[in-house]
Each structure stands twice: as structure tokens, then as C-alpha cells.
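Reviewing the structure listed below.
Each reported figure results from applying straightforward, stated rules to the coordinates on display, with no laboratory input. Computed from a predicted model, the values in this text were never measured in an experiment. Glycine also receives a Cβ, built like all others from the backbone with ideal geometry; neighbour counts cover every protein chain displayed.
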Amino acid sequence: GRDPVMQKFCDAIQGMKESFIVAFLNWKDAKPEHLDVPKEIMEYREKQTLLEGDTAADTVNHALPQCRKRDSDGNTKLDSDDASKGQVDRFGRPVRIIDDDDEEIDCEFFNTRQCFLDLCRGNHYQFDELRRAKHTSMMVLWHLQNREAPKFVQQCFACNREISSGIRHHCNVCSDFDLCDECFKNPDTNRGTCNHKLEVIKVQASSDSASGMTEEQRRERKRNIQLHITLIEHASRCNSSTCKSLNCRKMKSYLKHVDTCQVKASGGCKICKRIWTLLRIHAQQCKSSSCPIPQCNAIRKRIRQLQQKQQAMDDRRRQEMNRHYRMGKMS
């Protein structure tokens, strides 16, 4: 008879068996009888082969093109470089055709599922309806291509307009309370129940220059980022007070500024924000256990914590799915 433990396991995953890939592995001491594939598996393979053959024949009959990638107008393209030449948007800016196979894009919003959920929750992105799914997909792609743009845009409590530039007045006591500069200066503005002192925060307007860069400019920008990371590594290891490199002394002053700055990156300090971005990129690539770069180990520890949190969420989701399948089978 069959092992009762394996029988119980098979019964539990009965509803999910189509999602599994079955692999038969050979080991060095395998005997000929161990290499026989079960009859049920062979019959299933033959059935799937016939279905795939019919699908391929239908594809040939419909004469689909070999390349199925499309340009911004929906037309099939064969070469991403040829397709992007000479195309501009309605403002006269060059249009960049994205080819997912040509470039690896790193965005902190998509490093973990929790970061992505925070992005969707904060901006009310949803997939429960078709129109919302289309808007959410469009905004997700926008965030992916505009990584330096703000993650969230606050709305004025009084006029409900988005505060995308200028100054916003934020309340540190009330939950999600901001006023634009115009409403703050108006004495008749309805502030609801908030009567606290508001903090003045400068809002940087999102720049469209990054999305309008050419491929050569993007490669140059990527090279500059790598050079700055190399400079941070040199400045962290350099103990000489007479280093001939002017950039070394300047980077040391930036690193010292990060340690002593009272505004910090969360408060809007541009220097802190840029240095922390470079440190994060370095930490994602660093494998050294004794890295001299400041905060490298702390950032990597934080990344590991996020990964463990993500793993725990995945485990809970799998347990809930298993419980759902078991309950469905019992009913």
C-alpha cells in the first residue's frame, strides 16, 4: 500500500496539482527500474503533446509574426532601436520604446511585496475592476520609469487639490492633514477640528527630464552612479589626510554631513537623499562581511528583515490557500 503520510499530502494538494512541476531526478546509484516513468505520466505527456501540436498548427494557420512586441502605436516591431527613432510625443519630446529584454530596471517600490502593497494602499491603487486595473497598471509602469518621483502626493484638506509643488503645511498631530500654501494664507479656510501648529515642508516638483532622456544619456547616468559608488568605497577606505583626490575629500564631507544632518533624507535634505540612494544600491550588491562603507551592514540587515517578513507573509498565504482547498474538498 501507499505511505499514509504521502496519501494525506496528495489529498491536501489535490486541487493545486496543476500548479506543480513534477521532476524525476536520477542519482548515481539508480537502477534501471528506478528510471521508468509511471504510465500515468507518459499518457499525460502524450496528451499534452497532442494539444500543443494543435495549438502550434493554429498559430501557423493564422500567420502570426515571429516577433510579437509592439511599439507605442500598437504596431508589431522587429527592432527596438529602429522603432524608437524619430518618435516624439505631443510636446515634441523624444519617446523611448521600452524593451524589457534590453535593460534591467531596479526600483525600490518593487523590491518586496510589502513595498508594493504600501505603494498601492497609499495611492488607492486597486485591481478589483477593469478600469481601476488599467489605471493601476499605468501608474505602476510610471513609477517604474520615474523612480526619483515622489511615492505619494498629498492633497489639501480644504480644497482637495494635489500639492505637487511649492509649499505644503503639514500637521504632525492630526492624521493625514495638509494644507496648500494658498489655503493656509486664507483666514476663512475650514481646517475642521485641527487647531495645531503646522509644519512648513517644501515640495519638489517631479521632473520629466528623466523620462525624456535618450538611451545614451541613460547609459551615461548609470555609469555616473557606478563611479559615485566607487568613490564612496574609496573615501570609506581612505585614511590619508593628504589624499590627492579632490573628490575623495568632498565625498568624505558628504558622508560626514549624513551623520550630522538634522534634516535627514526624510525631511527633504537633497545631499542625504542622494547619498542614501547610493548606499542602498551598493548594499544590494555588496557581499563583504566587513565592508568599511558606513551603514552598509545596517542596510543589508534591513533588507534581510524585509525578506524574512515577506517570507512569513508568503507562508501565511500558502497556509490559507491549503485551508481553503481542504475546506472546499470536505464540503
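The modelled label-to-label distance for the pair residue 218/residue 47, using points 7 Å beyond Cα in the direction of Cβ, is 4.5 nm.
Taking a spot 7 Å from the Cα of residue 147 along the direction of its beta carbon, which residues of segment 252-291 have an amide N less than 15 Å from it? Only 274-286 fall inside the zone, counting backbone N under 15 Å.
In this structure, residue 199 and residue 318 have a Cβ-Cβ separation that, at R0 = 56 Å, corresponds to a calculated FRET efficiency of about 0.80. Beyond a 27 Å Cα-Cα separation, which of these cross-linked pairs lie in this structure: 151/301; 134/309; 273/301; 151/197; 197/256? Correct reply: 134/309; 197/256. Inter-part distance, segment 120-162 to segment 168-197, computed on C-alpha centroids, equals 23 Å.
Length gained on full extension, residue 25 to residue 189, computed as 0.36 nm times the residue gap minus the Cα-Cα distance: 51.8 nm. Shape analysis of segment 115-204 based on the Cα gyration tensor places the equivalent ellipsoid semi-axes at 29, 14, 12 Å, largest first. A cut-off of 5 Å between modelled amide H atoms, ignoring neighbours fewer than 5 places along the same chain, links residue 111 with no other residue. If you plug the beta carbon distance of residue 284 and residue 243 into 1/(1 + (r/R0)^6) with R0 = 25 Å, you get a FRET efficiency near 0.35.
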